[in-house]
Amino acid sequence: MPEGPEIRRAADKVARRLVGGVLTSIKLPYPPISEFDGVLGDASVESVTSRGKALLMRFDNGLTLYSHSQLYGRWTVNRISTKVRWNRSLRAEFVSKGHAVRLWSATDVEVIPTKDEEAHPYIAKLGPDVLDETTSPDVIKNRLESPRFNGRSAASLMLDQSFVAGLGNYLRSEILHQAGVHPKTRPKDLDSENITKWGSLTKSISIRSYESNGLTVSDELAGERKEMGERRRSYRHSAFCRNGKDCHVCGATIIRIRVSGRRLDMCPKCQVES
Ligand SMILES: [Zn+2]
């Protein structure tokens, strides 16, 4: 499933084609939103952003197209002349500036008043968005130390969207590996220095992934591992999908465990239970 950085990049890509342009055509074939065809067709797109794993397309008439892609939803942008052959269901199509912006397969798609965004059941439950400028490493550190979260296991916190929104499975493995935190460790088991490191890496690894289109290690390290024959799915990370390979830090073999049915890759030597 795409995580916060991927959704924010999709929002940026959609924004580049739609914001400030005139919509020359619009299609909303998905029944739950079809009735908005006319009202949205006459409006223009003011901004496109993401909150956690939801994408928000705001129109100048006070309406927002909310979508959560779940597992299969995808946004695509193509020149209008490109023939798209795809075995997915079209949910929405917006044409502007010679490009078609399309949403496919998402099942969670709604049109809501922009003023009610914060009250949307998904958004209302979100913690601060990891990519938001106001979500500083200190904000994350304070949440780790707060009584609400400090007794929870690291593995569960790193996927809890009410703790920090936008994290997902690969970011969880990457943050915990680079911070040297065992999945079962609770924030209250750690000293302030380790919490600071954990909070700061939660922010910086997420930003790194957003800016580099999915890398959670340095260009140098990724390049080195690519030359050694690793595929992108593993050379772009330090732990995730590197199970069976060596830890960059200590050389031990990265192992895969499952937490609540979801995979978590970690170093048994760097991430010792506290
Ligand atoms: Zn290690």
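Structural remarks
- Straight-distance crosslink candidates among lysines, where the alpha carbon sits under 27 Å from K83 and sequence neighbours closer than 8 are dropped: K13, K27, K97
- Among the cysteines of the chain, those with no neighbouring cysteine Cβ under 4.7 Å are C241, C250.
- Taking the charge dipole of region 4-122 about its Cα centre, with +1 at Lys and Arg Cβ atoms and -1 at Asp and Glu Cβ atoms, the residue from V45, L18, G98 reaching farthest to the positive side is G98.
- For region 108-159, size of Cβ-based charge dipole, Lys and Arg +1, Asp and Glu -1, in debye: 400
- Rounded, prolate or oblate (a/c below 1.5 giving rounded, otherwise prolate when a/b exceeds b/c) for region 4-122 by Cα gyration tensor: rounded
- Across all Cα pairs in region 82-169, the calculated P(r) in 5 Å bins from zero up to the longest distance comes to 3, 11, 15, 15, 15, 12, 12, 9, 5, 3, 0 percent per bin.
- Cut-off under 5 Å, modelled amide H: who pairs with F163 long-range: G127
- Total charge dipole magnitude, the chain, about the Cα centre, Cβ charges on Lys, Arg, Asp, Glu only, Debye to nearest 20: 1060
- Environment charge at S96 (Cβ cut-off 11 Å; Lys +1, Arg +1, Asp -1, Glu -1): +2
- Between region 149-206 and region 81-117, the C-alpha centres lie 34 angstrom from each other.
- ³J(HN,Hα) computed for each position of region 179-192 - Karplus, 6.51 cos²θ - 1.76 cosθ + 1.60, integer Hz, glycine/proline x: 8, x, 10, 6, x, 8, 5, 9, x, 5, 7, 10, 7, 4
- Integer Hz, Karplus 6.51/-1.76/1.60 couplings in order for region 205-222, x for Gly and Pro: 5, 5, 5, 4, 5, 4, 6, 9, 6, x, 8, 10, 10, 5, 4, 4, 5, 4
- The residues neighbouring G20, those whose beta-carbon lies less than 15 Å from its own, together hold a net charge of +2 under the Lys/Arg +1, Asp/Glu -1 convention.
- Nonpolar atom fraction for region 4-122, defined as the carbon and sulfur part of the 1.4 Å probe accessible area, stands at 50 percent.
- Charge dipole (Cα centre; +1 on Lys/Arg Cβ, -1 on Asp/Glu Cβ; no other charges) of region 137-266 amounts to roughly 600 debye.
- Just checking the listed ones, R58, R232, R143: in the Gaussian network model of the chain with Cα springs under 10 Å, the one fluctuating most is R232.
- Principal axes of the chain: Cα extent on each, largest first, Å: 59, 45, 30
- Our coupling estimate for region 123-129, obtained by passing each phi through the Karplus curve with A = 6.51, B = -1.76, C = 1.60 and θ = phi - 60°, is 5, 4, 8, 6, x, x, 6 Hz, Gly and Pro reported as x.
- Amide H partners (placed H, <5 Å) of R51, local residues excluded: L56
- When the inverse distances between all different Cα atoms of region 137-266 are averaged and flipped, the Kirkwood radius reads 14.9 angstrom.
- Surrounding net charge for P32, when Lys and Arg each add one and Asp and Glu each subtract one, Cβ distance under 15 Å: -2
- Top positive-direction residue, dipole computed over region 1-142 with Cβ charges, set A54, P121, V139: A54
- Here's how it looks for L63: its modeled amide H is under 5 Å from those of T114, which are all 5 or more places away or on a different chain.
- Solvent-accessible surface of the chain, taken per residue with a 1.4 Å probe and all protein chains present: 47 Å².
- Entry note, the chain: the mean residue ellipticity at 222 nm calculated from DSSP H runs of n ≥ 4, each adding -39500 (n - 2.57), is -8500 deg cm²/dmol after division by the residues and rounding to the nearest 500.
The values are calculated or read from the model by the stated rules, or taken from the named source; none is laboratory data. Not measured: the values here are computed from a predicted model. Reconstructed Cβ throughout: ideal geometry from the backbone, glycine too, with neighbour counts over all protein chains shown. Keep in mind that these areas ignore ligands, DNA and RNA; they rest on the heavy atoms of the full protein, side chains included. Shrake-Rupley method; radii C 1.70, N 1.55, O 1.52, S 1.80 Å.
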